[in-house]
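Written out below as structure tokens is the structure these notes cover.
The values are calculated or read from the model by the stated rules, or taken from the named source; none is laboratory data. What you see is a predicted model, and the numbers here were worked out from it, not measured in a lab. Cβ: placed from backbone, ideal geometry, glycine included. Neighbour counts: every protein chain shown. To get the accessible areas, we keep the full protein, side chains included, count just its heavy atoms, and leave off ligands, DNA and RNA. Shrake-Rupley method; radii C 1.70, N 1.55, O 1.52, S 1.80 Å.
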Amino acid sequence: MELRVSERVNRFRWIFVPVGLCALTAVGAHAAADVVGDRLLWIVDRVDALFDAIWSIWSVTAPLVELVGLTQRTWFARAIALCWELAADALIAIPLLGYELREPGKEWELGRDLLRRARSPLPLVRPLATLLVAIAGACSVARMVQGSVQLALHVSWLGHLARALVLVAALVVLVPRAAFRSLEHERTARYRVAAVVILLPLLIAAVASWR
């Protein structure tokens with residue numbers, strides 16, 4: 001009976017694993033985008049305060065001080081963060097749907113071979129970003145599981161245990177596969193340059209979301 005269940009699960013792994021990789025990375029990109037949105041809003045607030053100080057000097061331009069309010073500034077920062085998140089999803093999350101299951105240990109061999117063949121840092125930016133964003137996604141999912149368990153059972157230690165188990169499982173099972181698939185998914189040099197421009201800030205934001 002157990003063998004039959006295992007065989008049935010293995011038949012559908014080719015669907016579940018790629019979808020899980022894509023979902024985990026998308027969650028991580030969203031967490032990083034939240035960090036970016038907060039930083040953008042802080043910058044927009046400072047710029048708006050600077051211009052308000054300038055406009056308020058003259059009576060003619062004084063009405064311009066109230067032209068841009070908190071709602072407009074928040075909307076602008078969130079819109080930029082959303083566009084950046086969608087671009088990051090297109091670069092690192094969507095390609096994970098093409099992940100193919102291989103024999104145990106085969107992926108490590110292929111990964112080492114791909115790393116040895118890399119002649120510049122550019123091809124490594126996207127795999128590194130995928131790795132960090134997937135870790136951010138694992139942290140976010142683990143926090144959600146912890147909150148759900150504590151809310152349902154009102155047992156703090158059980159929530160922390162569930163968080164730790166989910167985090168370790170994601171870090172062991174999904175995160176390395178996401179990084180490998182990104183390393184395997186080769187693109188043109190022009191594509192790599194665009195990826196670097198979009199993904200370099202994502203590296204910092206993803207690490208900042210690990211909490």
Subset of the stretch 39-61 that is surrounded by 15 or more Cβ atoms within 10 Å (Cβ to Cβ) and of a type in the set (D, E, K, R) - its residue that is modelled with the lowest pLDDT: ASP52
For LEU86, work out the one condition from (1) modelled with pLDDT under 85; (2) open to solvent by 60 Å² or more (accessible area, probe 1.4 Å); (3) within 27 Å of ILE15 (Cβ to Cβ) it doesn't fulfil. (1)
For the stretch 98-115, which positions are within 17 Å of LEU174 (Cβ to Cβ) and open to solvent by less than 90 Å² (accessible area, probe 1.4 Å)? GLY98, TYR99, LEU101, ARG102, GLU107, GLY111
Do the conditions hold for LEU64, that is, is it modelled with pLDDT under 80, open to solvent by less than 80 Å² (accessible area, probe 1.4 Å) and either more than 21 Å from the chain's Cα centre (by Cα) or of a type in the set (A, V, I, L, M) (or both)? yes
Would you confirm whether or not the stretch 140-156 contains a residue that is within 25 Å of ARG102 (Cβ to Cβ) and open to solvent by less than 80 Å² (accessible area, probe 1.4 Å)? yes
Please give the number of the condition PRO95 fails out of (1) loosely packed, with under 12 Cβ neighbours inside 10 Å; (2) closer than 24 Å to PHE16 by Cβ. (1)
What is the number of the single condition among (1) surrounded by 22 or more Cβ atoms within 10 Å (Cβ to Cβ); (2) more than 21 Å from the chain's Cα centre (by Cα) that VAL133 does not meet? (2)
Those residues of the stretch 159-211 which are basic (Lys, Arg) and modelled with pLDDT of 85 or more, in sequence order: ARG163, ARG177, ARG181
